[in-house]
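Below is one structure; the comments refer to it alone.
Laboratory data are not the source of any read-out in this text; all were calculated from the coordinates shown. This structure is a prediction, so every number in the text was calculated from the model and none was measured. Cβ: placed from backbone, ideal geometry, glycine included. Neighbour counts: every protein chain shown.
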Amino acid sequence: MTLARDGQVKPAGALAPLPVHLQKTLFVPLGEEKLIVRYTIHNKGQSRLQTRFACEWNVHLLGGGGNEQAYYRVEGQKLENGRFDSTGEVPQVQQFHIGDSWIKQDIGFSLDEPATLWRFSIETVTGSEAGFERNHQGSCLTLLWPLLLEANQSWNVTITCTGTSAS
């Protein structure tokens, strides 16, 4: 499935916005626990585009309250707090995993271009007789890439997500 949209980006200090074309292609190989997502950005403007591209993923894996069985793991890096409801920023990420060993789920993410990974807990606030309570609903992970596209130039990135059983 391919989704596409024409839009504009107005870089800081620019006099006018630059036209861009964004395309997102989703592919699920038959018989595999895999999702392949490919983003393509095309600078349709007449001048250089310098900005950031970010894609956001919101995932729920029963991982709130500091649950040690729910995790983030980044290949080649030790996280200060790798719990699923943790907050952090990790630069130069090319492979990482999220999962929950109690429900035996692991999702591996592989990026063909290194990105900065932002992660934080998604929480709701409710009122009760005891006062306000925060409840973990899931985790948001955002992948960021710097973009520098000359006029009429394109950039793309592929993200491969693979599901496996966690031990």
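Summary of computed values
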read-out	value
FRET efficiency for GLU133 and SER47, using Cβ-Cβ distance with R0 set to 41 Å, rounded to 0.05	0.20
Separation of the ALA16 and HIS60 label points, Cα + 7 Å toward Cβ, nm	4.6
Approximate spin-label separation GLU113-VAL28, in nm, with each point projected 7 Å along Cα-to-Cβ	2.7
Above-threshold pairs, the threshold being 26 Å between Cα atoms, out of LYS10/LYS34; LYS24/LYS78; LYS78/LYS104	LYS10/LYS34; LYS24/LYS78
For segment 1-73 versus segment 85-115, the gap between their alpha-carbon centres in whole angstrom	16
ILE36 versus GLN8: modelled label distance in nm, points set 7 Å from Cα along the beta carbon direction	3.6
Gain on full stretching of the segment that runs from GLN153 to ILE103 - 0.36 nm per residue minus C-alpha separation	13.6 nm
Convex hull (Cα only) mean projected area of segment 18-93, reported in nm² to one decimal	7.8
